[in-house]
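Chemist: Before I ask anything, let me first share the structure, which is written out below as structure tokens.
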Amino acid sequence: MSFLRARYSRRLTVLAAGFVAAVCALSCGRVRTRPVTQQVVVLGFDGCDPTLAAKWMAEGKLPNLAQLAKTGTFETLGTTNPPESPVAWATFATGLNPGGTDIFDFLKRDPKTYLPELALVSRQKPKFLFGWLPIKGPKVTNERDGVPFYESVADAGYKTTVLRMPLEFPPHKVPGGKLLAGLSVPDVRGTWGTFFYFGSELTPWDVGDTEFGGKLVRLELHGHHARAEVEGPVDPTSDEYKRICVPIEFDETPENNSVTIHLGGHDETLQEGDWSHWFHVKFRINAFLSVSAICKFYVLEVSPDLRVYMSPLDIDPESPVLPVSYPANYSAELAKKIGPFKTLGWWHDTWALNEEKIDEGVFLEDLFDTMKTLENITLDELENDPPSLMVSIFTSTDSVSHMFFRLIDPQHPRYDPVLAAKYGDAILRVYEQMDKVVGEVEENMKPGATLIIVSDHGFHSWRKGFNTNTWLVKNGYMVLKNPNAEEKSYNLEELFGQGSFFPNVDWSHTRAYALGLGQIYLNERGREAHGIVNPGPEADRLAEEIRQKLLAYRDPDTNQPVLEDVYLGKEIFHGPHMDDAPDLQLDFQIDYRTSWQTSLGAIPAGIVEANMKKWSGDHCASDPKDTGGVFFSNRKLATSPPSIMDIAPTVLDLLGATPTPHYDGRPLKFSADLSH
């Protein structure tokens, strides 16, 4: 699914180099900005839960947040339906509901093919003459609609800095300011973070793609030497789906418990339990074109088996294949200042822990190191180049909650008392680091600045998965060509390779299908390619019938309801993008969520199944009524309750910038004087 453009090397023609320079001149241009006489700082902590925050504030473990709650404001922040990160952050940025942003889920479906697509970006492949001369670059489009508030602030002449902003790939312009993109930036493979696991213990049957985001590579040791390949981006010059590879070699020294890794002309010797420095890797497309990436390694074991983890192939910030910042050279400037850093939108490697190829300690070590990187960038910008508006989004609070909720929930199927004794404080530790960041930011803000802290949603334990398409089949809404066929499991590579999807579905008799994390679509005539449900009264009756049956469904193990509510799309969404909206939105009871395999298009045998993954906390298909985020401010809020839709118009109102013509939110009002 590669949609990455190969970067022109220094050996490109003078004409191509001139074109790149012209583009850079346009994108990197500076404009005159107003003096920084007032300041608004917005910190986002993805997935920060108000219940956990309140508990730990009361216990004295989050002193800076507790002080804000005492002298300023702490409230639950209303979120979107569904309370998914891309959906909620799109609303945060634009002040619009999902019908206005066109972001309803991580995925969207093409009704003409029933194939899934990433909802956040669209892409068109580059074109080459004779298979090597680029004549047309790829087109990558940011699919989030609406005008982000930080763009409006920058357009009004206020100096603006935005760090790790979700749904900013490719980045929007913030004239006179800086923007570093976050969630939605891919790796050079065009995925959201494919990790690599090299192991001599793997059999030929073990190798290949994991369910979510991993590549398993078998090492065959000859003496103490092994050679393998790293699969990079899809070759854009080929009509076939094949990836460009580079060789990687390992030389182990068992007596020293070390291994030397050779990749991309770089060598590093590591002990068992060591992290490497960043490796720079070039994937050569042809004599003129290459793609630059960075990665690092962790040595899990040297002997008796050689086992090595490799991080995803991040876009090199010093030489990005596509811009990950505005201006385009901002990422390179940062890399020169602080060294190489992750550019991948999915910042923390939840996939490797979920597939149990790294352990909790390795995951947390990398998470805290990555979190520290953004902390340092944020503080450096506030201290040395202070803007009128600073927005900085941390995602560590979300990632740690996804992976460690099982260790604070003794009823979870993957609860482990031994691991709980060792890592049961992992979520708290990240919240404590968040609290530390808040305190340091307060110290570096300008006097009189307004501080707003938000999260996009809260969190719940996820004990059981619901196979939505299986439910549709068993209730006669989806019909299979061969009901007795053994259903295979799917993985992400197959999902986005799109060789086949729903291959066993008989569309001529199917009235509804599920895709994504909580959405059901009717197979509507005139809209879907093989639609059989007439729009209007027939579709309305069918949607209501499915809703009532889902609400009546009970977990066969407990006889408890699985769904908290089921909404018709037209009840909760409005705006210009209703054609993309789901017909029904499923909001699950706490402890339930759409199963992994449903989101990948599979139809397993059972309807409800235990969640046996380490990914044990969630929010994506919860009801927003009990999945709100946090709202803190150093000023007392005069209007209540706040919603994530209110942040965009509130910031514009605080700075006196002209708002865009329409918001679904409203400006929040604060007391006249700062209270903290």
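Chemist: What residue, of Arg541, Arg554, Arg527, is in the same structural domain as Thr598 (by TED's automatic domain parsing), among the basic types (Lys, Arg), closer than 18 Å to Gly99 by Cβ and surrounded by fewer than 18 Cβ atoms within 10 Å (Cβ to Cβ)?
Modeler: Exactly one of Arg541, Arg554, Arg527 is in the same structural domain as Thr598 (by TED's automatic domain parsing), among the basic types (Lys, Arg), closer than 18 Å to Gly99 by Cβ and surrounded by fewer than 18 Cβ atoms within 10 Å (Cβ to Cβ), namely Arg527.
Chemist: If you scan region 113-150, which residues turn out to be crowded, with 18+ Cβ neighbours inside 10 Å, modelled with pLDDT under 75 and aromatic (Phe, Trp, Tyr)?
Modeler: Phe128
Chemist: Hey, another quick one. Being under 23 Å from Pro186 (Cβ atoms) and not in a helix (DSSP H, G or I), is that true of even one residue in region 254-262?
Modeler: No: region 254-262 contains no residue that is under 23 Å from Pro186 (Cβ atoms) and not in a helix (DSSP H, G or I).
Chemist: With respect to the numbered conditions (1) buried (at least 23 other Cβ atoms within 10 Å of the Cβ); (2) not in a strand (DSSP E or B), which one is the sole condition not fulfilled by Pro233?
Modeler: So Pro233 meets the others, but not (2).
Chemist: Same structure again: Testing Phe198 on (1) out of contact with any Asp or Glu (no Cβ under 9 Å at 6 or more places or on another chain); (2) at pLDDT below 95; (3) closer than 30 Å to Val324 by Cβ, one condition comes back false. Which one is that?
Modeler: The number of the failed condition is (2).
Chemist: While we're on this one: Got a sec? Which strands (runs of 3 or more DSSP E) wholly within region 575-676 have at least 2 residues that are under 30 Å from Asp557 (Cβ atoms)?
Modeler: Where strands (runs of 3 or more DSSP E) fall fully within region 575-676 and carry at least 2 residues being under 30 Å from Asp557 (Cβ atoms), they are 584-588, 591-594, 608-610.
One line per residue, one yes/no per condition, for (1) over 30 Å from Gln411 (Cα atoms); (2) over 30 Å from the mean Cα position of the chain (by Cα); (3) assigned to a loop (DSSP other than H, G, I, E, B):
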{"site": "Tyr513", "(1), (2), (3)": "yes, no, no"}
{"site": "Tyr521", "(1), (2), (3)": "yes, no, no"}
{"site": "His530", "(1), (2), (3)": "yes, yes, yes"}
{"site": "Pro535", "(1), (2), (3)": "yes, yes, yes"}
{"site": "Asp540", "(1), (2), (3)": "yes, yes, no"}
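Chemist: Would you mind listing the helices (runs of 4 or more DSSP H) fully within region 274-384 where at least 2 residues are basic (Lys, Arg) and surrounded by fewer than 17 Cβ atoms within 10 Å (Cβ to Cβ)?
Modeler: Where helices (runs of 4 or more DSSP H) fall fully within region 274-384 and carry at least 2 residues being basic (Lys, Arg) and surrounded by fewer than 17 Cβ atoms within 10 Å (Cβ to Cβ), they are 330-338.
Chemist: Kindly indicate whether Tyr158 is in a loop (DSSP other than H, G, I, E, B), in contact (Cβ under 8 Å) with a residue 40 or more places away in the chain and among the hydroxyl-bearing types (Ser, Thr, Tyr).
Modeler: Answer is yes for this residue.
Chemist: Test each condition in (1) within 30 Å of Ala90 (Cβ to Cβ); (2) assigned to a loop (DSSP other than H, G, I, E, B); (3) without any contact (Cβ under 8 Å) to a residue 60 or more places away in the chain for Val400 and report the one that comes out false.
Modeler: Among (1) within 30 Å of Ala90 (Cβ to Cβ); (2) assigned to a loop (DSSP other than H, G, I, E, B); (3) without any contact (Cβ under 8 Å) to a residue 60 or more places away in the chain, the lone unmet condition for Val400 is (2).
Chemist: Checking the condition in contact with a Gly (Cβ under 6 Å, 6 or more places away or on another chain), outside the structural domain of Phe212 (by TED's automatic domain parsing) and of a type in the set (A, V, I, L, M), which residue from Leu367, Leu407, Leu428 passes?
Modeler: Unique residue meeting the criteria: Leu407.
Chemist: Within region 563-586, how many residues turn out to be surrounded by fewer than 22 Cβ atoms within 10 Å (Cβ to Cβ) and either basic (Lys, Arg) or under 27 Å from Ile408 (Cβ atoms) (or both)?
Modeler: Adding up the residues that qualify gives 4.
Chemist: Name the residues in region 167-226 that are part of a loop (DSSP other than H, G, I, E, B), within 21 Å of the chain's Cα centre (by Cα) and aromatic (Phe, Trp, Tyr), would you?
Modeler: Phe169, Trp192, Phe212
The values are calculated or read from the model by the stated rules, or taken from the named source; none is laboratory data. The structure displayed is predicted, hence computed values, not measured ones. A quick note on method: Cβ atoms are made from the backbone with ideal geometry, for glycine too, and the neighbour counts reach across all protein chains shown.
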